[in-house]
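The values are calculated or read from the model by the stated rules, or taken from the named source; none is laboratory data. Computed from a prediction, not measured in an experiment: that's the story for all the values here. Here Cβ is always computed from backbone atoms with ideal geometry, including for glycine, and neighbour counts include all displayed protein chains. These accessible areas exclude ligands, DNA and RNA; they are computed on the full protein's heavy atoms, side chains included. Shrake-Rupley method; radii C 1.70, N 1.55, O 1.52, S 1.80 Å.
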Amino acid sequence: MKLQKIILIISLLSFISATTGGYLYYSSVTEKVDNEIRLQSESRIRTIKNSLKTYLSRNVNTVKTLAGIEDIRICLNAPNSENLDRANKVLDHFTSTLGVDVSYLLNDEAITIASSNRKKKDSFIGKNFSFRPYFKEPIKGKSSSYLALGTTSGKRGAFYGYPVYGTYGEKILGVVVIKASIEPFEKSISQEKDNIVVFTDPLGVVFISSEKNWRFKTLWKLTESEYYKIKTSRQFGNGPWNPLNLIKTDENRVQKKNGDIYLLNRSQLKNYPEWEIIYFLNLNSFYKKFSYPFLRIPGLITLILLISISLVVFILYRQASHEIEIRKATEDALLESKDRYRTIYHNTPAMLHSINNEGKIVSISDHWIDVMGYERDEVLGRNLINYLDDRSKDLAKNVIFPAFYQKGFCRDVPYRFIKKNGEGMDVLLSAFGERDKNGKIVRSLAVSIDITEQKRSEEALKIAKESLSIHSKNLERQVRHRTREITNLIKYTPDIVYIKDNHGRYILVNSRFEKLFSVKNKDIKGKSDDEIFPPYISEMLIKNDKLILDSKKSTLKEEKLKLNSDQTYLTVRFPIYDRKDQISGIGGISTDISELKQTQDRLKKLSGGIMNRQEQERSAIARELHDELGQVLTAVRLDSVWMVKRFEDKDTEASERARSLCNLIDNTIKEVRSLAFRLRPGVLDDLGLIDAIEWLTGDFERRTQITCIFHHENIPSVQDCIDESILTAFYRIAQEALTNVARHAEATNVEVTIKRENNHLIMTIVDDGKGFNQDDQNDYEGLGVAGIKERADLLGGTTIIETKLNSGTRIICKIPASFEEKK
């Protein structure tokens with residue numbers, strides 16, 4: 001044993017000495033190589049940085065010069081063909097002289113109006129580059145240098161933008177841009193044999209690289225927000241920007257998948273914030289180049305010496321310690337096995353126990369103690385059945401124990417343990433027996449799996465299944481009930497009900513449809529409208545169905561069908577959606593409104609007759625006022641004048657009273673004439689609509705002091721060219737509208753326009769008053785709007801009212817009219 005120790009110590013000392021010498025030599029060499037790596041890497045990245053800086057800055061002043069050329073400024077001020085030609089020639093000259101990719105001119109809306117690549121397939125003419133920083137910054141008065149992948153050309157480049165000012169520098173007219181390719185610079189750095197040079201954006205996207213397959217990849221994996229930011233900027237195309245899968249070994253070293261390790265040296269450019277030039281120096285190649293001469297001969301000698309010493313030590317030590325190792329290994333294995341068994345026994349998440357051939361507990365696991373709540377002393381030496389409920393005790397004594405001692409095992413025995421707190425616990429117990437040399441079972445190892453929660457879950461599942469069954473039956477009953485209701489509704493409704501697929505083929509029709517069109521549901525199913533109806537009906541139905549598919553909204557339309565007689569239907573069409581929110585069909589419900597339409601027509605005729613009689617009565621009253629009352633008042637005035645002259649010299653007071661009476665009669669005559677004119681203006685019958693409206697607007701302005709302007713366009717001068725009912729309706733609509741303005745609008749200006757357009761008379765009345773709320777029914781009716789609409793409707797016209805609070809009102813009446821002179 002002592003000899004073994006001495007040999008071991010001598011061997012270790014020899015080994016340590018040789019190793020220390022080799023380590024010191026290696027450390028010295030390594031330090032020198034690391035120094036050389038650092039110096040070379042720093043020198044190289046400075047050279048690359050200066051080269052890139054020079055390359056990227058050489059067009060900065062050039063684009064300023066280009067922006068100051070007069071032809072460029074003139075083109076932006078007046079972009080006609082002549083000025084565009086001059087600007088294009090300037091851009092062509094700069095492009096060819098500088099050797100850049102393209103030069104182009106953007107107006108103040110970022111639209112390219114001139115470009116040196118205008119004749120190429122990837123021309124920029126008409127392209128909008130408002131999203132590019134080289135437009136955003138110059139349009140604010142700043143110069144811009146920007147690196148990106150061209151969205152139109154698909155080529156990488158450096159973009160230089162500069163604002164083009166007006167003649168006196170007071171306004172920015174547009175932006176001039178020069179795009180230079182970065183490929184010449186990239187070729188210059190591609191001469192690196194083992195090392196790699198990249199230029200990356202702030203998020204690590206490789207834009208320039210001496211390694212071709214690294215371009216537009218990221219140094220590290222991007223987050224979702226970083227990926228989205230790159231995508232929305234459109235700076236580097238449409239992606240994907242996959243990571244290079246470099247493995248960081250420390251802060252300044254990375255390793256490729258092929259095992260090459262690189263030293264990273266970073267530097268930034270002044271005009272490109274957070275962009276980095278990164279120089280990847282291949283350490284494997286460098287060490288091979290610089291370390292090998294230093295380590296080749298001394299390292300070989302040291303290696304041979306170390307191997308020799310190690311071999312001697314190994315032989316001597318192995319012979320001396322072989323026996324001890326075997327013994328120690330055996331002891332360790334036994335201890336390890338014992339510890340492993342104890343650890344497994346006590347830490348397994350299952351209840352473990354052992355009983356002897358008398359049924360007494362001889363060992364229990366920690367988990368068993370924790371679950372049952374007993375102390376270990378309370379359990380060891382006691383019979384297992386003391387911890388079972390009555391049913392389990394009988395099962396154990398009468399069935400399980402006899403069978404176990406005979407067979408030597410049992411599986412999945414359903415026991416119920418009683419915990420110390422009296423709570424029950426259901427388990428499945430499995431056990432196998434340990435036999436002595438005579439084959440008799442002397443000990444068991446049992447595993448109990450807690451299935452209490454499982455049983456509770458099974459009970460809960462059973463209850464849930466029963467509840468679900470009841471609920472399912474209730475749902476089925478409700479579905480049957482609702483189905484009967486809907487079926488009866490469709491079957492017995494007097495309306496036409498149908499459903500089509502999105503190709504216009506019928507899926508379902510109700511009994512009213514079958515009766516009306518003399519078809520059966522089974523016969524019409526799968527057919528389209530043009531297979532069932534005449535062309536004039538099918539074309540209308542197909543057109544209305546298409547509106548639903550295009551708008552994806554329900555519609556309400558009147559449809560006329562000529563069957564046995566003319567019938568009018570009010571049809572509601574609506575889209576039917578599937579589970580994916582796609583239109584799968586069209587539903588329709590058509591209600592027969594023929595009688596309602598006939599009633600409406602009768603009411604229109606009645607209303608028209610009432611209005612005609614009103615106009616006749618007004619004309620009669622106007623004539624009575626003008627002819628009879630006017631003559632009487634004229635006669636009274638003559639008598640009053642006579643009285644003035646009669647009493648002028650004899651009775652001054654009587655003369656003055658007669659003169660006052662004369663003035664009162666004059667005013668009364670004016671009022672009577674005005675009233676007669678408003679009831680039925682003679683100018684409407686004698687001279688026509690234009691003169692009548694012109695008088696009406698003039699009278700309105702005199703009475704209300706509200707400025708009223710009247711325009712008319714392309715209107716016949718002879719009233720006989722237009723039907724009398726239309727003349728009257730237009731006059732009354734204008735009269736009612738102006739009355740509303742005077743009473744309610746609080747306006748200062750009104751404009752009335754009448755024009756002729758495609759056999760229609762169109763009158764527009766616009767005021768700048770306070771407007772009103774069309775949704776308020778009281779306002780709507782109180783302002784006489786219903787009467788205006790009714791007059792237009794009786795003549796087949798339409799009325800549009802545009803208004804909102806505090807924004808004035810516009811009334812547009814459009815009535816069909818024939819302009820042929822009556823004979």
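Considering the stretch 372-411, the residues that are of a type in the set (Gly, Ala, Ser) and touching a Lys or Arg at 6+ places or on another chain (Cβ under 8 Å) include one that is nearest to residue 350 (Cα to Cα), namely 373. When the stretch 696-741 is filtered for residues that are within 25 Å of residue 786 (Cα to Cα), modelled with pLDDT under 85, of a type outside the set (Asp, Glu) and in a helix (DSSP H, G or I), the ones remaining, listed by number, are 696, 725, 726, 727, 728, 729, 730, 731, 732, 735. Residues in the stretch 505-523 that are polar (S, T, N, Q) and open to solvent by less than 40 Å² (accessible area, probe 1.4 Å): 1 in all. Taking residues in the stretch 85-111 that are over 19 Å from residue 133 (Cα atoms), and partners anywhere that are of a type in the set (S, T, N, Q) and surrounded by 22 or more Cβ atoms within 10 Å (Cβ to Cβ), the pairs with Cβ atoms closer than 6 Å and at least 6 places apart or on different chains are 91/103; 91/116; 92/116; 94/103; 95/103; 95/116. From the list 496, 490, the one residue that fits, being within 20 Å of residue 575 (Cβ to Cβ), at pLDDT 80 or above and aliphatic (A, V, I, L, M), is 496.
Counting only residues that are within 15 Å of residue 811 (Cβ to Cβ) and either assigned to a loop (DSSP other than H, G, I, E, B) or at pLDDT below 80 (or both), the stretch 742-754 holds 1 of them. Among the criteria (1) in a helix (DSSP H, G or I); (2) touching a helix residue (DSSP H, G or I) at 6+ places or on another chain (Cβ under 7 Å), the one residue 465 does not fulfil is (2). Of all residues in the stretch 362-385, those being over 60 Å from the mean Cα position of the chain (by Cα) and farther than 21 Å from residue 433 by Cβ number 5.
Of all the residues that make up the stretch 105-121, how many are within 15 Å of residue 181 (Cβ to Cβ) and not small (Gly, Ala, Ser)? Within the stretch 105-121, residues that are within 15 Å of residue 181 (Cβ to Cβ) and not small (Gly, Ala, Ser) number 2. Close contacts from the stretch 243-256, counting a first residue that is assigned to a strand (DSSP E or B) and a second that is open to solvent by 60 Å² or more (accessible area, probe 1.4 Å) and aliphatic (A, V, I, L, M), with Cβ to Cβ under 7 Å and a gap of 6+ residues or different chains, come to 254/247; 255/247. Selection of the stretch 558-573 for residues being open to solvent by less than 70 Å² (accessible area, probe 1.4 Å), of a type outside the set (Asp, Glu) and part of a strand (DSSP E or B) yields 561, 567, 568, 569, 570, 571, 572, 573.
Just to be sure I understand, how many residues within the stretch 545-556 are farther than 15 Å from residue 500 by Cβ and open to solvent by less than 70 Å² (accessible area, probe 1.4 Å)? Count: 1. Going by what's in this entry, would residue 411 be described as touching a strand residue (DSSP E or B) at 6+ places or on another chain (Cβ under 8 Å) and open to solvent by 100 Å² or more (accessible area, probe 1.4 Å)? Taking the combined requirement at face value, the residue satisfies it. Contact annotation: residue pairs with Cβ atoms under 8 Å, 6 or more positions apart or on different chains, pairing a residue in the stretch 259-275 that is without any contact (Cβ under 8 Å) to a residue 24 or more places away in the chain with a partner that is hydrophobic (A, V, I, L, M, F, W, C) and assigned to a loop (DSSP other than H, G, I, E, B), are 268/275. Within the stretch 194-214, restricting attention to residues that are of a type in the set (D, E, K, R) and touching a residue at least 40 places away in the same chain (Cβ under 8 Å), the residue that is surrounded by the most Cβ atoms within 10 Å (Cβ to Cβ) is 201. Hey, any hits in the stretch 226-240 for a residue that's over 28 Å from the mean Cα position of the chain (by Cα), closer than 21 Å to residue 274 by Cβ, open to solvent by less than 70 Å² (accessible area, probe 1.4 Å) and β-branched (Val, Ile, Thr)? Taking every residue of the stretch 226-240 in turn, none turns out to be over 28 Å from the mean Cα position of the chain (by Cα), closer than 21 Å to residue 274 by Cβ, open to solvent by less than 70 Å² (accessible area, probe 1.4 Å) and β-branched (Val, Ile, Thr).
Residue 359 meets all of the listed conditions (1) within 30 Å of residue 450 (Cβ to Cβ); (2) modelled with pLDDT of 75 or more; (3) in contact with a Ser or Thr (Cβ under 6 Å, 6 or more places away or on another chain) but one, namely (3).
The set of residues in the stretch 180-214 being under 18 Å from residue 159 (Cβ atoms) and assigned to a loop (DSSP other than H, G, I, E, B) consists of 181, 182, 201, 202.
Within the stretch 524-544, work out how many residues are in contact with a Leu (Cβ under 8 Å, 6 or more places away or on another chain) and either open to solvent by less than 40 Å² (accessible area, probe 1.4 Å) or at pLDDT 85 or above (or both). Residues that pass the stated criteria total 3.
Of the candidates 369, 400, the single residue that is touching a residue at least 12 places away in the same chain (Cβ under 8 Å), among the β-branched types (Val, Ile, Thr) and outside any strand (DSSP E or B) is 400. Checking each residue of the stretch 490-504 against the condition of being part of a helix (DSSP H, G or I) and open to solvent by 80 Å² or more (accessible area, probe 1.4 Å) gives at least one match. Any chance the stretch 97-106 includes a residue that's of a type in the set (S, T, N, Q) and crowded, with 21+ Cβ neighbours inside 10 Å? Yes, that holds for at least one residue. When each of 545, 592 is tested for being in contact (Cβ under 8 Å) with a residue 40 or more places away in the chain and farther than 18 Å from residue 493 by Cβ, the lone residue that passes is 545. In the stretch 382-390, the condition of being of a type outside the set (S, T, N, Q), at pLDDT 90 or above and open to solvent by less than 20 Å² (accessible area, probe 1.4 Å) is met by at least one residue.
Among the residues here, residue 103 does not qualify as farther than 26 Å from residue 269 by Cα and of a type outside the set (Phe, Trp, Tyr).
Does the stretch 541-552 contain any residue that is of a type in the set (S, T, N, Q) and within 17 Å of residue 507 (Cα to Cα)? Looking for residues that are of a type in the set (S, T, N, Q) and within 17 Å of residue 507 (Cα to Cα), one finds none in the stretch 541-552, hence no. Count of the stretch 120-156 residues, restricted to those that are more than 18 Å from residue 230 (Cβ to Cβ) and in a strand (DSSP E or B), is 3. Scanning the stretch 48-63 for residues that are closer than 20 Å to residue 134 by Cα and crowded, with 18+ Cβ neighbours inside 10 Å returns 52, 56, 59, 62, 63.
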